[in-house]
1. Give the stretch 76-98 a look and list any residue that's in a helix (DSSP H, G or I) and under 13 Å from the mean Cα position of the chain (by Cα), or say none.
2. Could you list, in sequence order, all residues of the stretch 32-52 that are surrounded by 12 or more Cβ atoms within 10 Å (Cβ to Cβ) and modelled with pLDDT of 80 or more?
3. Among the residues of the stretch 55-75, which ones are surrounded by fewer than 15 Cβ atoms within 10 Å (Cβ to Cβ) and in a helix (DSSP H, G or I)?
4. If I ask for residues that are at pLDDT below 90, of a type in the set (Gly, Ala, Ser) and surrounded by 10 or more Cβ atoms within 10 Å (Cβ to Cβ), which ones from the stretch 85-124 would you list?
Amino acid sequence: MSEYACLFISPTRNVKKTSKGQRKLHTHYEMRYLGLFIVQSHIFRYSLDHAKRSFYRAENGIFGKIGRTASEEVVFELVKTKCLPILLYGLEACPLNKTNLRSLDFSVNRFFMKLFTRTHQEMR
């Protein structure tokens, strides 16, 4: 028996598992399409959780490799060229609401806090 999966984006939320003949149709709450994670909703929505997690992972990898040996300028350029595209990938095709903007702001501000807290501690 073959199985198919779908994700509904519609005003009605009461969608049940359906089957047709030997095929079962399962609904999912999230799906990855071209690197973006689209979430089941009554309007088009996407999740930034995976992008933020990958951004933090890449940022921590840079901090882990260079430690405290590089200047702020070098670390900033590395994160800007290697990590920021991970966070911002595909967002030009998606509508951003205030919640999404605050979430992205928080991720970037957290990086700056980490960078300059590290520098401030070294100066003591």
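The values are calculated or read from the model by the stated rules, or taken from the named source; none is laboratory data. The structure displayed is predicted, hence computed values, not measured ones. Please note: Cβ atoms are built from the backbone with ideal geometry, for glycine as well, and neighbour counts cover all protein chains shown.
1. Cys83, Leu84, Pro85, Ile86, Leu87, Leu88, Leu91
2. Residues satisfying the conditions are Leu36, Phe37, Ile38, Val39, Tyr46, Ser47, Leu48, Asp49, His50, Ala51, Lys52.
3. Matches in the stretch 55-75: Arg57, Asn60, Gly61, Gly64, Lys65, Ile66, Glu72, Glu73, Val74.
4. Across the stretch 85-124, the qualifying residue is only Gly90.
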